[in-house]
Amino acid sequence: MSVDEADAGACRPRLPRGVRLKHDETRGEWLLLAPERVIKADAIAVEILKRCDGIATFDAIVDDLAAAFSADRGQVASDVRALLDELAAKRMMDL
Amino acid sequence: MNAAPREIPKPVGLLAELTHRCPLGCPYCSNPLALEPRANELDTEAWLEVFSQAAALGVLHVHLSGGEPAARSDLAQIVAHCANVGLYTNLITSGIGLTEARIQDLAVLGLDHVQLSIQDTDESSADRIAGYEGAFTRKLEVARWVTDAGLPLTLNAVIHRANISRASAMVRLAVELGARRVEIAHAQYYGWGILNRDALMPSAEEAEAAIAEVEALRAETKNVLVIDHVIPDYHARYPKACMGGWGKRGLNITPSGRALPCHAAETIPGLEFWNVADHSLAEIWESSPAFNAFRGFDWMREPCRSCERKTIDYGGCRCQALALAGDAREADPVCHLSPHHAAVAEQAALSARGAETNPHPAYAYRRMRQHAEAE
């Protein structure tokens, strides 16, 4: 399921059990850990992923990010959608 | 040979063979032929120290494996400790020895993920491959307990002659069982696998058909299941980047505490392995002779040394080079540039010949004592 299929406004993205966002002290970087997978999370991805708590809707996450970083809402929405769809296809995000 | 490598990346994964005890007898087991008896196993405290050091060294994933890790009565304590020190904790299990209560306990203690092996989708074939009656039925129960406990499940199937016609059925079974990920891994020929090679090797046609069927399921299972497909390298043109490069990404610890660059490294003569009882994990990772033996590119011979793919596949698998070319420093003979490549294809054809005449060959089951002759 992609964000759009899940109804972008109402879906509440969350990292499923078995997928963890971790700040790795030994490497000094944020990592997304899943079974047999390690993905480096850049600063933007970290801000997005921290908000995927299964409570906030997609729209609320986008609003929050756009406000926090004074960014164009359309651009933020497309960045968030791209990341969540990519992770969902890897079973690293539940929508 | 022991020239200090320029920069050694931190290890990403640690595979802990907590024990070699296992109720199953799978004929392709990745454990060595000489299995460690219980008396040699590290005690609880020693394992906990290994995991503390692993986390400090930068290990991210820890794979609790065996043998069957559930054979250790301190499994819960080990899982709790791994979770406490921040390791992503994966249990690699046959399922035998786990109970619903034990799985729920592990989930509460912070286990991140369970990888459950499955031998076939056909019950009698599955039990025959495992050498354990009732294994298949039990595994289906275990899968349900795992997902009921809220734990993510990966189903792992090793593919060989006896089950290759059901490779795609394994993918469908994984979906039915609620797994989020499936590993379809064609048998690799080391240790028990090489001992049973003539009984395990499918024909090239069977392998191609199974690979195509599984690949075709990717679209259908998109967003439901991740398919990790390990295809057989005997028929390949280039070798695999074994272990992601020697001493580059991961390490194995045997039940008695020897640190190995890979499962089969002990088959390579002349390597000196250090034990966690004598050295810290950091010392072992950075300085032990075995880990430095094939790091970097200085050890390479031709055709690897001048090959532009050496940074991609690192010359392939050292253990396979030893097994098939007679020397661990040679190119992995799976590579078409290896002078031994033709012999690999011949061996594959020879081993697969039984596929036509003997679909249910006798296995030398993996057993604790000196391996028995094929029945």
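Listing for the model above:
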{"read-out": "Hits in the range B:326-354 (condition: over 13 Å from B:HIS235 (Cα atoms), open to solvent by less than 20 Å² (accessible area, probe 1.4 Å) and at pLDDT below 90)", "value": "B:GLY354"}
{"read-out": "Residue check, B:ARG218 of a type in the set (Lys, Arg) and either over 19 Å from the mean Cα position of the chain (by Cα) or open to solvent by 40 Å² or more (accessible area, probe 1.4 Å) (or both)", "value": "yes"}
{"read-out": "Single unsatisfied condition, B:LEU42 versus (1) in contact (Cβ under 8 Å) with a residue 60 or more places away in the chain; (2) part of a helix (DSSP H, G or I)", "value": "(2)"}
{"read-out": "Scan of the range A:12-58 for residues that are of a type in the set (Gly, Ala, Ser) and more than 12 Å from the chain's Cα centre (by Cα), ordered by number", "value": "A:GLY18, A:GLY28, A:ALA34"}
{"read-out": "Only listed residue being surrounded by fewer than 24 Cβ atoms within 10 Å (Cβ to Cβ), in contact with an Asp or Glu (Cβ under 7 Å, 6 or more places away or on another chain) and at pLDDT 95 or above, chosen from B:ALA76, B:ALA55", "value": "B:ALA76"}
{"read-out": "Hits in the range A:25-42 (condition: more than 23 Å from B:ARG180 (Cβ to Cβ) and either open to solvent by 80 Å² or more (accessible area, probe 1.4 Å) or assigned to a strand (DSSP E or B) (or both))", "value": "A:GLU25, A:GLU29, A:ASP42"}
{"read-out": "Failed item, numbered, when A:ALA6 is tested on (1) open to solvent by 40 Å² or more (accessible area, probe 1.4 Å); (2) within 27 Å of B:THR154 (Cβ to Cβ)", "value": "(1)"}
{"read-out": "Yes/no for A:ASP94 being in contact (Cβ under 8 Å) with a residue 60 or more places away in the chain and out of contact with any helix residue (DSSP H, G or I) (no Cβ under 6 Å at 6 or more places or on another chain)", "value": "yes"}
{"read-out": "Search result, residues across the range A:52-90 that are part of a loop (DSSP other than H, G, I, E, B) and open to solvent by 50 Å² or more (accessible area, probe 1.4 Å)", "value": "A:ILE55, A:PHE69, A:SER70, A:ASP72, A:LYS90"}
{"read-out": "Conditions (1) open to solvent by less than 30 Å² (accessible area, probe 1.4 Å); (2) in contact (Cβ under 8 Å) with a residue 60 or more places away in the chain; number of the one not met by B:ASP127", "value": "(2)"}
{"read-out": "Among the residues listed as A:THR57, A:THR26, the single one being in contact with a Lys or Arg (Cβ under 8 Å, 6 or more places away or on another chain), more than 14 Å from chain B (Cβ to nearest Cβ) and among the hydroxyl-bearing types (Ser, Thr, Tyr)", "value": "A:THR57"}
{"read-out": "Inter-residue pairs, beta-carbon under 6 Å, first closer than 12 Å to B:ILE118 by Cβ and in the range B:133-161, second at pLDDT 95 or above and charged (D, E, K, R), 6+ apart", "value": "B:ALA135/B:ASP127; B:PHE136/B:GLU123; B:PHE136/B:ASP127; B:THR154/B:ARG181; B:ASN156/B:GLU183"}
{"read-out": "One residue from B:THR147, B:THR93 being polar (S, T, N, Q), buried (at least 24 other Cβ atoms within 10 Å of the Cβ) and closer than 27 Å to A:LEU21 by Cα", "value": "B:THR93"}
{"read-out": "In the range B:114-139, residue nearest to the chain's Cα centre (by Cα) [restricted to those that are part of a strand (DSSP E or B) and away from chain A (no Cβ under 14 Å)]", "value": "B:SER117"}
{"read-out": "Criterion (part of a loop (DSSP other than H, G, I, E, B) and out of contact with any strand residue (DSSP E or B) (no Cβ under 7 Å at 6 or more places or on another chain)) met by exactly one of B:LEU111, B:LEU98", "value": "B:LEU98"}
{"read-out": "Scope the range B:175-194; condition open to solvent by 40 Å² or more (accessible area, probe 1.4 Å) and assigned to a helix (DSSP H, G or I); matching residues", "value": "B:VAL175, B:GLU176, B:ILE194"}
{"read-out": "Unique match (being touching a Cys at 6+ places or on another chain (Cβ under 7 Å) and among the small types (Gly, Ala, Ser)) among B:ALA349, B:ALA325, B:ALA264", "value": "B:ALA264"}
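Yes/no per residue for (1) at pLDDT below 95; (2) under 22 Å from B:ASN90 (Cα atoms); (3) within 14 Å of chain B (Cβ to nearest Cβ):
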| site | (1), (2), (3) |
| --- | --- |
| A:LYS22 | no, yes, yes |
| A:PRO35 | yes, yes, yes |
| A:ALA41 | no, yes, yes |
| A:CYS52 | no, no, no |
| A:ALA67 | no, no, no |
| A:ALA71 | yes, no, no |
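The values are calculated or read from the model by the stated rules, or taken from the named source; none is laboratory data. Quantities reported herein were computed from a predicted structural model and do not represent experimental measurements. Every residue, glycine as well, gets a Cβ built from its backbone with ideal geometry; the counts of neighbours run over all protein chains shown. Heads up: the accessible areas ignore ligands, DNA and RNA and are worked out on the full protein's heavy atoms, side chains in. Shrake-Rupley method; radii C 1.70, N 1.55, O 1.52, S 1.80 Å.
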